[in-house]
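Peer 1: Pasting a structure here, questions to come.
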Amino acid sequence: MDSTQPLRSAAFPDRLLLGPGPSNVNPRVLEAMSQPLLGHLDPLFLDLLDDIQEALRPLFGTSNRFTLPLSATGSAGMETCLVNLLEPGQRVLVGVNGVFGGRMVEVATRAGAEVHSVKAAWGEPLDEQRTIDAIEQVKPDVVAFVHAETSTGVHQPVEAIAQAARKAGSFVVLDCVTSLSGLPVELDQWGVDAAYSGTQKCLSCPPGLSPISFSERALSRVRARSTPVQSWYLDVSLLDGYYGDDRVYHHTAPISALYGLAEALQQIQREGLGPRVLRHREAGDALVERLAPLGFSPLVAAAERLPMLTTLRLPESVQTQGEGALRRRLLDTHNIEVGGGLGELAGEVWRVGLMGENACLESVERLATALEIEMNKA
Ligand SMILES: *Cc1c(COP(=O)(O)O)cnc(C)c1O
């Protein structure tokens with residue numbers, strides 16, 4: 001290879017990102033990220049970190065002191081919750097009705113836990129009674145499930161399952177990667193012990209950070225472990241040394257990414273959580289309505305449908321021609337990205353995300369107009 005070959009670093013197109021994440025980022029967030037660097041122990045930066053931690057708590061519906069932006073993506077947030085709360089040989093019950101429940105099973109298995117699962121069909125929520133029965137039968141140390149299953153577009157009600165788990169003496173782990181700031185999240189009210197999210201979905205930041213929150217009860221459990229947490233990087237007791245009052249070096253915080261998150265959180269505060277949740281609901285409803293005449297129908301029943309991620313069954317004409325070609329034309333000709341189906345839904349559905357910045361009627365209209373043009377051509 002010619003070592004002077006320039007890298008492809010300039011002039012990427014401005015895509016409308018309507019897939020399952022990342023979503024588009026407000027220009028002011030990108031501007032914030034281009035500010036000069038501070039050191040990760042600079043008092044000005046530590047003040048910013050305090051502000052970010054404070055602003056994350058209401059999004060999670062919690063007063064948990066241990067609420068922080070982990071320096072890694074949502075999957076690392078998942079791993080943090082599971083590897084800290086599980087010791088080898090302990091039992092975990094995982095709700096599996098899509099890709100991300102499946103990923104939790106994989107992480108918990110690698111952590112040496114005895115993994116049990118309660119399943120539902122892709123496109124349906126976990127059945128509450130069956131899940132509660134499984135909790136009573138398995139008596140797991142941890143119950144883990146997904147609030148907003150991005151692989152299927154299903155909204156999982158949390159409270160009844162979390163309360164049954166608490167009653168059985170289990171710790172509750174909740175995946176809030178796609179739900180945070182697009183749906184109400186109420187960790188304290190629901191009785192959730194540990195939760196994680198990601199910045200690139202409804203928070204409309206670049207990918208790379210995972211807001212997480214642990215209750216004091218969960219932290220006490222971690223302190224009482226008889227074996228060390230298998231991951232040094234994700235050990236919450238060590239993380240607490242930097243993000244808590246001591247502010248001692250653990251790893252170098254990703255300064256620029258945190259500037260961006262602070263700006264995004266500021267924008268969420270200005271909008272208000274209530275109006276933001278409503279905006280997501282209205283955009284999701286408008287999408288279903290606007291694409292119905294083109295032959296796209298929602299996979300998930302209205303009462304169980306996520307606002308920010310809609311799984312649409314494709315019209316037969318699109319399925320027979322191969323959905324990949326149409327998605328490629330949306331991208332190449334119209335600069336619009338939508339997500340394909342995963343696993344058993346591949347080829348049959350699209351996943352359309354209207355997250356954060358993109359949860360608005362303009363996105364719906366741009367997608368519908370582009371589809372009308374491309375589907376008439378075929
Ligand atoms: C995106 C997503 C994840 C994984 O997040 P990454 O940032 O891709 O690591 C986990 N759970 C759900 C529900 C997601 O949508």
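Peer 1: Among the candidates E304, E316, single out the residue that is on the phi < 0 side of the Ramachandran plot and under 18 Å from the mean Cα position of the chain (by Cα).
Peer 2: Matching residue, one of E304, E316: E304.
Peer 1: Name the single residue that is surrounded by the most Cβ atoms within 10 Å (Cβ to Cβ) among those in the stretch 360-378 being touching a residue at least 40 places away in the same chain (Cβ under 8 Å) and acidic (D, E).
Peer 2: Residue satisfying both the conditions and the ranking: E374.
Peer 1: Taking D193 as the residue in question, decide whether it is more than 16 Å from the ligand (Cβ to nearest atom), in contact (Cβ under 8 Å) with a residue 60 or more places away in the chain, acidic (D, E) and surrounded by fewer than 23 Cβ atoms within 10 Å (Cβ to Cβ).
Peer 2: Considered against the rule, which asks whether it is more than 16 Å from the ligand (Cβ to nearest atom), in contact (Cβ under 8 Å) with a residue 60 or more places away in the chain, acidic (D, E) and surrounded by fewer than 23 Cβ atoms within 10 Å (Cβ to Cβ), D193 comes out as no.
Peer 1: Which one of these is of a type outside the set (D, E, K, R) and closer than 18 Å to W122 by Cα: S151, S204, S170?
Peer 2: That would be S151, the only listed residue that is of a type outside the set (D, E, K, R) and closer than 18 Å to W122 by Cα.
Peer 1: Tell me which strands (runs of 3 or more DSSP E) are completely within the stretch 71-182 and hold 3 or more residues being among the hydrophobic types (A, V, I, L, M, F, W, C) and either assigned by TED's automatic domain parsing to the domain that holds T252 or away from the ligand (no atom under 16 Å from the Cβ) (or both), or say none if there are none.
Peer 2: In the stretch 71-182, 91-96, 142-146, 171-175 are the strands (runs of 3 or more DSSP E) which contain 3 or more residues that are among the hydrophobic types (A, V, I, L, M, F, W, C) and either assigned by TED's automatic domain parsing to the domain that holds T252 or away from the ligand (no atom under 16 Å from the Cβ) (or both).
Peer 1: Let me ask you something else. For L41, indicate whether it is assigned by TED's automatic domain parsing to the domain that holds L209, more than 16 Å from the ligand (Cβ to nearest atom) and either in contact with a Pro (Cβ under 6 Å, 6 or more places away or on another chain) or in a loop (DSSP other than H, G, I, E, B) (or both).
Peer 2: When the stated conditions are applied, L41 passes them.
Peer 1: Which residues, taken from the stretch 97-150, are closer than 19 Å to N84 by Cα, charged (D, E, K, R) and either in contact (Cβ under 8 Å) with a residue 24 or more places away in the chain or touching a Phe, Trp or Tyr at 6+ places or on another chain (Cβ under 8 Å) (or both)?
Peer 2: R103, E114, K139, D141, listed by residue number.
Peer 1: Give the residue that is farthest from D14 (Cα to Cα), with candidates limited to residues of the stretch 317-330 that are surrounded by 15 or more Cβ atoms within 10 Å (Cβ to Cβ) and in contact (Cβ under 8 Å) with a residue 40 or more places away in the chain.
Peer 2: V318
The values are calculated or read from the model by the stated rules, or taken from the named source; none is laboratory data. What you are looking at is a predicted structure, and each value in this text was computed from that prediction instead of being measured. Don't worry about glycine lacking a Cβ; one is built from the backbone with ideal geometry, like all the others, and counts go over all protein chains shown.
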